[in-house]
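See structure below.
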Amino acid sequence: MDRAAPIGIVGTGYVGLVSAVCFAHLGHHVVCMDIDAAKIARLQAGDVPIYEPGLDKLIDDNVSRLTFTTSYDELLAECRILFIAVDTPPSPSGDADLSRVQHATREIAARGGRRLLVMKSTVPVGTGEKVVADLEALGASGITYASNPEFLREGAAIQDFLEPDRIVIGTSAKEDGDTVEALYRGIDTDVVRTSVPTAEMVKYASNAFLATKISFINEIANVCEQVGADVRTVAHGMGLDHRIGPHFLQAGIGYGGSCFPKDVQALKQLAGNSGYHFQLLNAVIEVNALQKRRVLGKLASRLGKLRGKTVALLGLTFKPHTDDLREAASIVLAGRLIHEGATVRAYDPMLDAGDHPLFPGVVITDEPLRALEGADAAVLVTEWPEFVRLDWVAAAAVMRRPLLIDGRNFIDPAVAAAAGLEYEGIGLGDLGPASAGA
Ligand SMILES: NC(=O)c1ccc[n+]([C@@H]2O[C@H](COP(=O)([O-])OP(=O)(O)OC[C@H]3O[C@@H](n4cnc5c(N)ncnc54)[C@H](O)[C@@H]3O)[C@@H](O)[C@H]2O)c1
């Protein structure tokens, strides 16, 4: 494999940028292309447009092998292998919106040549076949296709890319699969070589299964609350069974982010479009939606009517170690609280103080104690490590009512009680709602 032959990446977002930088780290030259001129200008100026731990350092280390451009001409003048990493958001019908994939495909097809298109974006099963048919219809007979879904997690993206659990490559021609596999030389992991539709399905099935695990443990948590059990110990006891495993068994207020909600919905839709009713996924989605709303119930059961009350949200990003707010639980929570007539204040280490368009009516503060000042309750929404280190005694002292609903079971209930907080987590039935913190 000639590592001097540059790889092209179309779409320089969370996945595209991390993939590009990691490929550069493996020794490849990479041309990153994006239609977002502001994003590319920032990257060209050495400024990283997203927060991902370690990313700025890895860009600095590999800058000599990275080129950033908004020009398809520049990209295609240099690159034969093209990764597509554009966003594939949900459409109103629940199907994945493939318009950006189609746009990129048309731009590439229009410039002809012999190329290999490698799909890294998450796309429904059957997309590969459609793209190949589109390419044929556009007369781009020299372009072949591979599916290479990405499994990285925001917040741990570099490690996930460089030390993945597996690399999945779907192609119809063996040599294309060999070409893609060779790009990852230097990474020691299992490589699954398969057809394009099967590779596409591995991605959806993986995300749907992880989402199912989360909704499952959340339902167990809800039952724990009814029967006086502790979901944390239940999950620990379950996870020691190697057939179950310990991961993704943390009960909380549900999954969010740019992947699980849309991918679970898209798989449900895909199944439905093919005539199959995916009953289990309906429940996974419904449980997740209800889980966020249960926090409102917990608040109301302690505070009564929420109208006129002040609630502080601690953490707004969909998970810690990222600045990503897409489909974050905080958006639903804040919206519901404001609808109920509560005043909402919030703090997140990634957000500037003031207003934010995703949180209309919410006052965002520049430090947690400011959000908590005079609050009738706090809800821990995102498990940022700094919340464990927070001075909870000072927090309790500035609140009007020192009530903490811990949506991630992140704060030790004993620490909360010692600080004088009234504490309620998710699925901690053995604390008992009335006795918590007493
Ligand atoms: N974010 C994750 O954790 C993650 C993990 C695995 C897979 N995925 C999948 O990867 C894909 C990308 O996700 P993301 O989070 O990186 O999205 P993103 O929104 O962060 O980045 C997408 C980028 O593509 C650019 N773009 C859109 N249309 C374009 C076009 N026609 N030509 C060039 N650039 C274009 C956008 O400007 C944007 O910068 C999605 O399909 C997603 O489901 C995401």
Exercise for the section: Confirm whether Glu200 is within 18 Å of Pro164 (Cα to Cα), in contact (Cβ under 8 Å) with a residue 40 or more places away in the chain and touching a strand residue (DSSP E or B) at 6+ places or on another chain (Cβ under 9 Å). Expected result: yes
Practice task
Could you tell me whether region 299-311 includes any residue that is more than 18 Å from the chain's Cα centre (by Cα), part of a helix (DSSP H, G or I) and buried (at least 20 other Cβ atoms within 10 Å of the Cβ)?
Solution key: yes
Handout entry: Extreme residue, farthest from the ligand (Cβ to nearest atom), among residues of region 75-86 that are part of a helix (DSSP H, G or I) and under 11 Å from Arg115 (Cβ atoms)
Key = Leu76
Exercise for the section: Go through (1) buried (at least 20 other Cβ atoms within 10 Å of the Cβ); (2) within 25 Å of Phe83 (Cβ to Cβ) one by one and return the number of the condition Ser215 breaks. Expected result: (2)
Exercise for the section: For residues that are touching a residue at least 40 places away in the same chain (Cβ under 8 Å) and of a type in the set (S, T, N, Q), scanning just region 61-87, find the one that is farthest from Gly27 (Cα to Cα). Expected result: Thr67
Practice task
Residue by residue through region 107-130, note down the ones that are near the ligand (Cβ under 10 Å from one of its atoms), in a helix (DSSP H, G or I) and of a type in the set (Val, Ile, Thr).
Solution key: Ile108
Practice task
Restrict the check to region 141-154 and report whether at least one residue is of a type outside the set (S, T, N, Q), surrounded by fewer than 18 Cβ atoms within 10 Å (Cβ to Cβ), farther than 21 Å from Val264 by Cβ and not assigned by TED's automatic domain parsing to the domain that holds Asn273.
Solution key: yes
Handout entry: In region 160-184, residue nearest to the ligand (Cβ to nearest atom) [restricted to those that are in contact (Cβ under 8 Å) with a residue 60 or more places away in the chain and within 22 Å of Leu55 (Cβ to Cβ)]
Key = Phe161
Practice task
Inspect region 59-74 for any residue being modelled with pLDDT of 95 or more, under 23 Å from Glu181 (Cα atoms) and within 9 Å of the ligand (Cβ to nearest atom) and give the result as yes or no.
Solution key: no
Handout entry: Close pairs (8 angstrom Cβ cut-off, 6 or more residues apart or separate chains): among the aromatic types (Phe, Trp, Tyr) in region 271-288, surrounded by 11 or more Cβ atoms within 10 Å (Cβ to Cβ) anywhere
Key = Phe278/Leu267; Phe278/Lys268; Phe278/Ala271; Phe278/Gly272
Exercise for the section: Kindly provide the set of residues from region 328-364 that are within 16 Å of the ligand (Cβ to nearest atom) and surrounded by fewer than 19 Cβ atoms within 10 Å (Cβ to Cβ), ordered by number. Expected result: Met350, Leu358
Practice task
State all residues of region 70-107 that are in contact with a strand residue (DSSP E or B) (Cβ under 6 Å, 6 or more places away or on another chain), over 17 Å from Pro124 (Cα atoms) and of a type in the set (A, V, I, L, M); if no residue qualifies, say none.
Solution key: Leu75, Ile81, Leu82
Practice task
Could you please let me know if Ala157 is within 9 Å of the ligand (Cβ to nearest atom) and of a type in the set (A, V, I, L, M, F, W, C)?
Solution key: yes
Exercise for the section: Please list, ordered by first then second residue, the pairs with beta carbon atoms under 8 Å, 6 or more apart or interchain, first in region 131-156 and part of a helix (DSSP H, G or I), second of a type outside the set (A, V, I, L, M) and more than 15 Å from the ligand (Cβ to nearest atom). Expected result: Val131/Tyr145; Val132/Tyr145; Leu135/Ser141; Leu135/Tyr145
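The values are calculated or read from the model by the stated rules, or taken from the named source; none is laboratory data. Treat the numbers as computed from the prediction; the structure is a model and nothing was measured. All Cβ positions, glycine included, derive from the backbone under ideal geometry; neighbour counts span all protein chains shown.
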